[in-house]
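The values are calculated or read from the model by the stated rules, or taken from the named source; none is laboratory data. Everything numeric here is computed off the predicted structure, so don't read it as measured data. FYI the Cβ positions are ideal-geometry reconstructions off the backbone, even for glycines, and counts take in every protein chain you see.
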DNA sequence: CCAAAAGTGTTATCGCTACACCCATGA
DNA sequence: TCATGGGTGTAGCGATAACACTTTTGG
């Protein structure tokens, strides 16, 4: 309908975060396309004609992990002319928070993908390193403001695990007494009658995110707000 | 280079904020294109082949205002399939903060554009109302965290003006003693030897944003942070 | 019984919030 | 002289940050 206007390639790139064994991880794929074939990159794909940006991001993520209904957050569009040396491509970046244990290992193997600890990830192609840095920044903001940490943990988790997750996200040791106090005070954790003995002999109580309670509190004007100082 | 992939129309839309006579304003244009010709919309335009997204936003903004080097902030990409009933268009939204007094009135007239108070803006086409709401949310975040308010004021401004701006952005009355205290304490305002007598008989002292001081403070770990409670 | 991780309260400080009156001036 | 908006200080309270020891249990 709109005539005489140039069209562009539009891509989606996903920064896929996970958390395992006390460290924040990224799922990266070995690129199979020229240019830069064989190098590490974010999982991505081109936008189709009849899907929205969000749908496209879900599809791309699903291709690699087999997961649906994952936490996905669009955070920036990248459009420098030569960001991809092969062609002019606009890329819309999303970050995803997934529970590592639930993803499909076979798909990951097929794609030549691998989980890297955030701290020793390889250098990525194009502007993907910038995207990753920006995604972490966004994640930090979200994690303070909304209860998104749970997306990275199993259904049942312990407080030491939860704290360790936050320590990874903010690259900062936190005081366990203060941390427990504030998260428990928020009232959105349900304590279970089970312990996890994987981490210690004594065992740590398992908790679950109480989604109903959270929704209820929201209607009362409650705002999730874990204070993490710089 | 990348074969067999669909290309898309990519547009830029600008939410243009201004501040005048104690109210937050939006610059809107009367659309000249079908569909929805004659209705109010955001200023926008299609992305060209050889310009980045940021450059495109600057160009679009410059077309309507004649201004360059304006504060522009990309905040979201909109990509629902039918957001524009005429065609599939991906739109990358930016918000701009401009000093109303400095823009080019003739251009605005040519474009059939008009400044509206935020509170009585008309209903906009497509998803532009959503964009505006989201832009204000982003502006609120930015204004707490970074000294961006100055972009909306003349070079010289008074503290009552400055406070009034913040009251507009947050739709909330603020305590003048507390507000003055915190902004002055930050040390980024330079008091001038001049008064503005437009607002009152007594006159109010003029200030200027001290950019050098701000840069210097940044290097010392200072972070701008006006606390505005909900 | 020892090592290793889980769990638990209190205190001081700082920052936010609330609050009311005098000042300068032009009309 | 009066009406209008500009400018000023303090005290109480709540939230944050700092801090160390006891508990449990498997090996």
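Among the residues that make up region A:152-171, is at least one of them within 14 Å of chain B (Cβ to nearest Cβ) and within 16 Å of DNA strand C (Cβ to nearest atom)? If you could, list the steps in order and put the result at the bottom.
Residues of region A:152-171 within 14 Å of chain B (Cβ to nearest Cβ): none.
No, every residue in region A:152-171 fails to be within 14 Å of chain B (Cβ to nearest Cβ) and within 16 Å of DNA strand C (Cβ to nearest atom).
Is there a residue in region A:122-131 that is in contact with a helix residue (DSSP H, G or I) (Cβ under 8 Å, 6 or more places away or on another chain) and surrounded by 15 or more Cβ atoms within 10 Å (Cβ to Cβ)? Give the derivation first.
Narrowing region A:122-131 to residues in contact with a helix residue (DSSP H, G or I) (Cβ under 8 Å, 6 or more places away or on another chain): A:123-124.
Within this subset, residues satisfying the condition of being surrounded by 15 or more Cβ atoms within 10 Å (Cβ to Cβ) are A:124.
Yes, region A:122-131 contains at least one residue that is in contact with a helix residue (DSSP H, G or I) (Cβ under 8 Å, 6 or more places away or on another chain) and surrounded by 15 or more Cβ atoms within 10 Å (Cβ to Cβ).
Would you be able to tell me the number of residues in region A:49-71 that are part of a helix (DSSP H, G or I) and touching a strand residue (DSSP E or B) at 6+ places or on another chain (Cβ under 6 Å)?
6
Scan region B:73-85 and give yes if some residue there is over 30 Å from residue B:172 (Cα atoms), within 8 Å of another protein chain (Cβ to nearest Cβ), more than 22 Å from the chain's Cα centre (by Cα) and not in a loop (DSSP other than H, G, I, E, B), otherwise no.
no
Please enumerate the residues belonging to region A:195-226 that are under 14 Å from residue A:149 (Cα atoms), within 16 Å of DNA strand C (Cβ to nearest atom) and within 14 Å of chain B (Cβ to nearest Cβ).
Across region A:195-226, the qualifying residue is only A:225.
Scan region A:118-132 and tell me whether some residue there is within 12 Å of another protein chain (Cβ to nearest Cβ) and in contact with a strand residue (DSSP E or B) (Cβ under 7 Å, 6 or more places away or on another chain). Walk me through how you get there before you give the answer.
Looking only at region A:118-132, we keep the residues that are within 12 Å of another protein chain (Cβ to nearest Cβ), and these are A:127.
Narrowing the set further to residues that are in contact with a strand residue (DSSP E or B) (Cβ under 7 Å, 6 or more places away or on another chain) leaves A:127.
Within region A:118-132 (the criterion being within 12 Å of another protein chain (Cβ to nearest Cβ) and in contact with a strand residue (DSSP E or B) (Cβ under 7 Å, 6 or more places away or on another chain)), the answer is yes, since at least one residue qualifies.
How many of the residues in region B:86-109 are outside any helix (DSSP H, G or I) and within 21 Å of residue B:24 (Cβ to Cβ)? Even if it seems obvious, please write down each step before you answer.
Kept after step one, since they are outside any helix (DSSP H, G or I), are these residues of region B:86-109: B:86-99, B:103-104.
Checking the rest, the ones that are also within 21 Å of residue B:24 (Cβ to Cβ) come to B:93-99, B:103-104.
Summing the residues that are outside any helix (DSSP H, G or I) and within 21 Å of residue B:24 (Cβ to Cβ) in region B:86-109 gives 9.
Out of all the residues in region B:5-35, which are more than 9 Å from every other protein chain (Cβ to nearest Cβ) and over 17 Å from residue B:130 (Cα atoms)?
First, pick out the residues of region B:5-35 that are more than 9 Å from every other protein chain (Cβ to nearest Cβ): B:12-32.
Within region B:5-35, B:18, B:19, B:20, B:21, B:22, B:23, B:24, B:30, B:31, B:32 qualify.
Does residue A:58 satisfy the condition of being surrounded by 15 or more Cβ atoms within 10 Å (Cβ to Cβ), under 14 Å from residue A:97 (Cα atoms) and free of Cβ contacts under 8 Å to residues at least 40 places away in the same chain? Even if it seems obvious, please write down each step before you answer.
Numbers: surrounded by 15 or more Cβ atoms within 10 Å (Cβ to Cβ): yes; under 14 Å from residue A:97 (Cα atoms): yes; free of Cβ contacts under 8 Å to residues at least 40 places away in the same chain: yes.
It is true that residue A:58 is surrounded by 15 or more Cβ atoms within 10 Å (Cβ to Cβ), under 14 Å from residue A:97 (Cα atoms) and free of Cβ contacts under 8 Å to residues at least 40 places away in the same chain.
Consider residue A:199 against the criteria (1) within 15 Å of DNA strand D (Cβ to nearest atom); (2) modelled with pLDDT of 95 or more; (3) surrounded by 13 or more Cβ atoms within 10 Å (Cβ to Cβ): it satisfies all of them except one. Which criterion is unmet?
Of the numbered conditions (1) within 15 Å of DNA strand D (Cβ to nearest atom); (2) modelled with pLDDT of 95 or more; (3) surrounded by 13 or more Cβ atoms within 10 Å (Cβ to Cβ), the odd one out for residue A:199 is (2).
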